[in-house]
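Notes to accompany the following structure.
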Amino acid sequence: MNSDPRLVILSAPSGAGKSSLAKALAADPRFGISISHTTRPARPGEQNGVHYHFVDHASFERLVAEEAFLEHAQVFGNRYGTTREAVESLLRAGRHVILDIDWQGARRIKALWPEALSIFILPPSLAALEMRLRGRGQDDETVIAGRMAKARAEIAHAGEFDHIIVNDEFAEALADLKALIAEGRVRRPLRCDPGVYAPTGA
């Protein structure tokens, strides 16, 4: 399907649109999303084996002991992991593999798989990110404050990635992603003011 299928790492703070971009890429048959294992409960509408492989803590620890994971991490009290088989099966099928993981997982994958393409998705600003989180209507003030604090910490690691894309207009960000994966370059130069991502003391 692809003459040179690639392993592509997508990372971003919660609310930056990473998962939506990954799903949009996966709608193209040239791409496939590696389905992670997690210990968190399924949310309404989520299906086992489609959104995640939902497992209990004992099963997750067994996979860790078997060294089945390329990377695994704890996020907001839950465990997440990417198995080697999930990645390699998609590559064998000739598809670009999308990993939707955090910066810690990205660091581990790059150590094991240096040729992987790592891309960090930024929101237009921290203010825009907070508006998106509030617009979901899913979290209370304490949770939002925690996600914003975590977002600032995650954005501090954006410079570790091969490329950065600002998700301001979704269609443009998606086009940039596809061009970057296919051609190794983005369609437009990165335009962002580092000051909009600086800590505000909040």
(message) For the list (1) over 17 Å from S19 (Cβ atoms); (2) crowded, with 17+ Cβ neighbours inside 10 Å, I need the number of the one condition that T142 fails.
(response) (2)
(message) If I filter region 84-100 down to residues being out of contact with any strand residue (DSSP E or B) (no Cβ under 6 Å at 6 or more places or on another chain) and not in a helix (DSSP H, G or I), which single residue comes out as nearest to F161 (Cα to Cα)?
(response) G94
(request) Within region 1-16, work out how many residues are at pLDDT 90 or above, assigned to a loop (DSSP other than H, G, I, E, B) and surrounded by 20 or more Cβ atoms within 10 Å (Cβ to Cβ). (result) 3
(message) Anything in region 1-60 that is over 28 Å from S125 (Cα atoms), among the aliphatic types (A, V, I, L, M) and touching a Ser or Thr at 6+ places or on another chain (Cβ under 7 Å)? List them, or say none.
(response) V55
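Residues are listed down the side, and each one gets a yes or a no for (1) aliphatic (A, V, I, L, M); (2) over 15 Å from I98 (Cα atoms); (3) out of contact with any Asp or Glu (no Cβ under 8 Å at 6 or more places or on another chain):
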{"position": "L7", "(1), (2), (3)": "yes, no, no"}
{"position": "L10", "(1), (2), (3)": "yes, no, no"}
{"position": "S19", "(1), (2), (3)": "no, no, no"}
{"position": "A22", "(1), (2), (3)": "yes, no, no"}
{"position": "A26", "(1), (2), (3)": "yes, no, yes"}
{"position": "R30", "(1), (2), (3)": "no, no, yes"}
{"position": "P44", "(1), (2), (3)": "no, yes, yes"}
{"position": "V64", "(1), (2), (3)": "yes, yes, yes"}
(message) Just to be sure before I move on: is A111 closer than 20 Å to L174 by Cα and modelled with pLDDT under 95 in the structure I sent?
(response) no
(message) Cβ contacts < 8 Å: first residue assigned to a strand (DSSP E or B), restricted to region 116-142; second residue at pLDDT below 85, any location; separation 6+ or different chain. Result?
(response) L122/C192; L122/Y197
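The values are calculated or read from the model by the stated rules, or taken from the named source; none is laboratory data. Computed from a prediction, not measured in an experiment: that's the story for all the values here. All Cβ positions, glycine included, derive from the backbone under ideal geometry; neighbour counts span all protein chains shown.
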